[in-house]
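So the structure is just underneath, and the comments pick up after that.
The values are calculated or read from the model by the stated rules, or taken from the named source; none is laboratory data. Quick caveat: nothing in here was measured; it's all calculated off a predicted structure. Every residue, glycine among them, receives a Cβ derived from its backbone with ideal geometry; neighbour counts consider all protein chains shown.
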Amino acid sequence: MSQTILVTGGAGYIGSHCCLELLEAGHRVVVLDNLSNSSREALVRVEELSGKSLVFEQVDLRDAAETSRVVCSHAFDAVIHFAGLKAVGESAEIPLQYYDNNVSGTLNLLAAMRKHGVRHLVFSSSCTVYGNPASLPIRENFPLSGASPYGRSKLMVEQILRDVARSEPGWHLMLLRYFNPIGAHPSGRIGEDPSGTPDNLAPYVMQVAVGRREHVRVFGNDYKTRDGTGVRDFIHVVDLVLGHIAALDALERTEGCVAYNLGTGTGYSVLEVIEAARRATGREIPAKIVARRPGDIPECYADPAMALETLGWRATRGLDEMMVDAWRWQKANPNGFHE
């Protein structure tokens with residue numbers, strides 16, 4: 001059934017891929033984005049790839065009046081909420097901006113939704129809400145404890161959504177806890193384009209491969225893992241956004257607020273990711289071991305069984321495909337969207 005969906009942060013990495021899948025599934029899409037860490041060009045390419053148009057509103061969620069205007073201007077069936085600052089390291093340096101952007105912005109969005117009668121929302125959360133898990137794989141009922149201002153901002157929003165759902169009937173809210181999205185659309189037209197130095201491994205590796213950086217920094221090789229480097233659950237961005245389509249389809253039958261892991265259930269080490277990138281690119285990709293980063297945990301991967309059982313969703317793309325698609329994007333767009 002076709003719906004009208006508000007996508008906050010829709011010009012960003014995951015948001016743009018989600019907009020494409022929504023349009024291809026027949027939904028009407030309105031994007032709200034302040035373009036602070038994204039590009040209007042991504043949405044132009046989404047429209048080209050889908051052959052369909054979307055509505056773009058350049059608005060910051062911290063502007064309560066403008067946010068309310070956007071929600072009032074369209075008869076939205078649901079909201080997919082991606083908008084937020086997302087770098088763990090940066091969040092420790094500028095925590096006030098993270099809480100202001102991620103928490104205050106969400107409060108404005110929820111107030112606008114409540115005022116204008118929109119009660120369906122899918123929230124872009126994070127596996128960082130689990131902190132350093134006592135055991136693996138990570139299940140949705142594990143204790144929650146953000147280990148950084150970024151993680152705590154996600155945890156705060158989760159708590160706000162749970163409180164909203166308990167406060168009155170009629171809310172249908174999903175918390176999707178991402179593991180580590182990488183890769184790009186197989187067309188090579190949209191992909192990850194971080195501003196400044198990439199905070200995440202995959203775009204850094206690809207920038208080394210394309211010649212923008214000299215070598216990959218590997219933060220620690222003395223963890224108790226199979227090769228001493230950190231292990232993470234990397235998931236193809238297309239698999240991840242298909243999880244959102246599944247969540248959207250299940251929202252109506254979801255009462256209150258429910259959380260799901262979106263991961264593959266498989267952990268890959270930093271060195272394994274670099275090796276997969278070498279296979280995908282045919283390039284050397286030099287790497288240097290440097291000191292551990294504060295706050296990094298040794299190992300993190302999901303138990304995705306609940307999403308399969310309830311949403312009918314599972315990740316299907318492996319690490320090699322993730323790297324091939326990431327390289328196709330980076331090779332065709334060496335400077336991202338800013339040629």
- line: Within segment 214-239, residues of a type in the set (A, V, I, L, M, F, W, C) and out of contact with any Gly (no Cβ under 9 Å at 6 or more places or on another chain) come out as 216
- prompt: On the given criteria, is residue 36 modelled with pLDDT under 95, of a type in the set (Gly, Ala, Ser) and within 20 Å of the chain's Cα centre (by Cα)?
  reply: yes
field: Top-ranked residue in segment 142-168 [being under 21 Å from residue 107 (Cβ atoms) and part of a loop (DSSP other than H, G, I, E, B); ranked as farthest from the chain's Cα centre (by Cα)]
entry: 168
- prompt: Consider residue 55 against the criteria (1) in contact (Cβ under 8 Å) with a residue 40 or more places away in the chain; (2) under 27 Å from residue 252 (Cα atoms): it satisfies all of them except one. Which criterion is unmet?
  reply: (1)
- line: Flagged in segment 264-300 as assigned to a helix (DSSP H, G or I) and more than 27 Å from residue 130 (Cα to Cα), in numbering order, are 275, 276, 277, 278, 279, 280, 281
- line: Restricting segment 176-203 to residues that are part of a helix (DSSP H, G or I) and hydrophobic (A, V, I, L, M, F, W, C), the one nearest to residue 90 (Cα to Cα) turns out to be 201
query: Restricting attention to segment 295-339, which residues are at pLDDT 95 or above and at positive phi?
result: 312
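A quick yes/no check of all residues on (1) of a type outside the set (S, T, N, Q); (2) over 20 Å from the mean Cα position of the chain (by Cα); (3) more than 22 Å from residue 336 (Cα to Cα):
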position: 14; (1), (2), (3): yes, no, no
position: 18; (1), (2), (3): yes, no, no
position: 23; (1), (2), (3): yes, no, yes
position: 40; (1), (2), (3): yes, no, no
position: 46; (1), (2), (3): yes, no, no
position: 60; (1), (2), (3): yes, no, yes
position: 72; (1), (2), (3): yes, yes, yes
- request: Check 199, 193, 233 and return the single one that is within 14 Å of the chain's Cα centre (by Cα), touching a residue at least 24 places away in the same chain (Cβ under 8 Å) and surrounded by fewer than 23 Cβ atoms within 10 Å (Cβ to Cβ).
  value: 199
query: Out of all the residues in segment 252-264, is one or more under 17 Å from the mean Cα position of the chain (by Cα) and polar (S, T, N, Q)?
result: yes
field: Filter pass, residue 50 being closer than 25 Å to residue 126 by Cβ and without any contact (Cβ under 8 Å) to a residue 60 or more places away in the chain
entry: no
- prompt: Just checking, how many residues over segment 1-38 are in a loop (DSSP other than H, G, I, E, B) and touching a Cys at 6+ places or on another chain (Cβ under 8 Å)?
  reply: 1
task: Go through 278, 314, 292 for me and flag whichever is surrounded by fewer than 22 Cβ atoms within 10 Å (Cβ to Cβ) and either under 17 Å from the mean Cα position of the chain (by Cα) or among the aromatic types (Phe, Trp, Tyr) (or both).
output: 314
